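*Asks:* Below you'll find the structure I mean.
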Amino acid sequence: MLQHFGKYLLFMLSLFSRGESPRIIFNRTIDEAILIGINSIFIVAIVSTFIGAVTCVQVAYNLNNAFIPRSTIGFMVREMTILELAPTITSIVLAGKVGSSIAGGLGTMQITEQVDALEVMGINSASYLVLPKVMAALLVFPMLVILSMFLSIAGGYVAGTVTGALTGQEYITGIREDFIPYNVTFAIIKSVVFAYLISTISSFRGYYTAGGALEVGAASTTAVTNSVIAVLIADFVCAQLLL
């Protein structure tokens, strides 16, 4: 484990040695941001909407005390969504989609010797291939998390009003109650941390793939597994330090 961690740190340092020109990095970052962000909107939207809806229904089911106002349902959906569900669940979903794509793409380039070709041409392959992916993830993950927050709360509103658990006015009253703006900042900070972990771990696993097609699949699976574990550990650490 220590050997892999040291190799990972050296890999991170290699991203900034013999870097490409800022213009090339910028153009590649925009391309990667489109691949990571735009192509992930649909899955994030579906997951977030139904998570908010299920959360609202389950909170309403357990909140059967007549002395507790029904607006509390909206309050709990908002707090659960912003603090935990939107940043963490979205990042886990993206670890499966984006992380496997990054690891698989880099692994394929490695076994087909495209990475070696870049090195022969005098290009720092790690900086050229990996750095734009990391920067793109840091850019689009917070945007996707903000979208997830909005859709989760909206999904809770629709589910609550359609099932008759509470009225629309009660839900809106609940999501306005005792709102703490720092919670949104906390969620965005977590999304940036998760973006860094997912993009770098997946790139590391894909970049050092050796063998054939079977190893590419194994690298993708390992990248997703390691990314999810890293996200869960980082989630606890961020909560302990920032809350």
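*Asks:* Calculate, for residue 7 and residue 42, the FRET efficiency according to 1/(1 + (r/R0)^6) with r their C-beta to C-beta distance and R0 45 Å; round to the nearest 0.05.
*Replies:* So the FRET efficiency works out to roughly 0.80.
*Asks:* Test of the criteria: in the stretch 75-115, which GluC sites (Glu not before Pro) are in a DSSP loop and have at most 11 other Cβ atoms within 10 angstrom of their Cβ?
*Replies:* Passing sites in the stretch 75-115 are 113.
*Asks:* On to the next question. Applying the Karplus parametrisation 6.51 cos²θ - 1.76 cosθ + 1.60 with θ = phi - 60° to the phi angles of the stretch 175-180, what ³J(HN,Hα) value in whole Hz is obtained for each residue in order, glycine and proline being reported as x?
*Replies:* These are the phi-based 3J(HN,Hα) values: 6, 8, 6, 6, 6, 10 Hz.
*Asks:* Given the Cα-Cα distance of residue 221 and residue 161 and 0.36 nm per residue of separation, how much length would full extension add, in nm?
*Replies:* Between residue 221 and residue 161, full extension yields an extra 17.6 nm.
*Asks:* If I stretch the segment between residue 50 and residue 154 completely, what's the gain in nm (0.36 nm per residue apart, minus their alpha carbon distance), one decimal?
*Replies:* The residue 50-residue 154 span can extend by a further 36.5 nm.
*Asks:* Using the heavy atoms of the protein chains alone and a 1.4 angstrom probe, what is the accessible area of the chain per residue in square angstrom?
*Replies:* Per residue, the chain has an accessible area of 50 Å².
*Asks:* If you fit an axis through the alpha-carbon atoms of helix 213-242 and take the longest principal axis of the Cα set of the chain, what angle between them do you get, 0 to 90°, nearest 10?
*Replies:* With rounding to tens, the tilt is 50 degrees.
*Asks:* Grab the DSSP H runs of the chain that are 4 residues or longer, score each as -39,500 (n - 2.57), total them, divide by all residues and round the 222 nm result to the nearest 500 deg cm²/dmol.
*Replies:* Calculated at 222 nm, the ellipticity per residue is -25500 deg cm²/dmol.
*Asks:* Any idea what angle helix 131-163 forms with the longest principal axis of the chain, computed on alpha-carbon atoms, 0 to 90 degrees, nearest 10?
*Replies:* Once rounded, one gets 20 degrees.
*Asks:* Work out the charge dipole of the stretch 51-152 with +1 on the Cβ of Lys and Arg and -1 on the Cβ of Asp and Glu about the Cα centre, then indicate which of 85, 141, 127 is farthest towards its positive end.
*Replies:* Farthest along the dipole direction, towards plus: 85.
*Asks:* Assigning unit charges at the beta carbon (Lys, Arg +1; Asp, Glu -1) and nothing else, what dipole magnitude in debye, to the nearest 20, does the chain show about its Cα centre?
*Replies:* Using Cβ point charges on Lys, Arg, Asp and Glu, the chain gives about 120 debye.
*Asks:* Tell me, what % of the accessible area of the chain is carbon and sulfur with a 1.4 angstrom probe?
*Replies:* That share works out to 71 percent.
*Asks:* Here's a follow-up. Can you give me the C-alpha center-to-center distance between the stretch 135-174 and the stretch 33-98, rounded to a whole angstrom?
*Replies:* If we compute the Cα centre of each part, the gap is 7 Å.
*Asks:* Now a separate question. Given points 7 Å out from each Cα along the Cα-Cβ axis, report the residue 119 to residue 31 separation in nanometres with one decimal.
*Replies:* 2.2
*Asks:* Just to confirm a number: summing +1 for Lys and Arg and -1 for Asp and Glu over residues other than residue 175 whose beta-carbon lies under 12 angstrom from that of residue 175, what do you get?
*Replies:* With Lys, Arg at +1 and Asp, Glu at -1, the neighbours total -2.
*Asks:* Taking the Cα centre of each part, how many Å lie between the stretch 108-127 and the stretch 1-25?
*Replies:* 14
*Asks:* To continue, here is another question. Against the longest alpha carbon principal axis of the chain, how many degrees, from 0 to 90 and to the nearest 10, is the axis of helix 182-207 turned?
*Replies:* 30
The values are calculated or read from the model by the stated rules, or taken from the named source; none is laboratory data. Because the structure is a prediction, the values reported are computed rather than measured. Glycine also receives a Cβ, built like all others from the backbone with ideal geometry; neighbour counts cover every protein chain displayed. Side chains included, ligands, DNA and RNA excluded: accessible areas come from the protein's heavy atoms. Shrake-Rupley method; radii C 1.70, N 1.55, O 1.52, S 1.80 Å.
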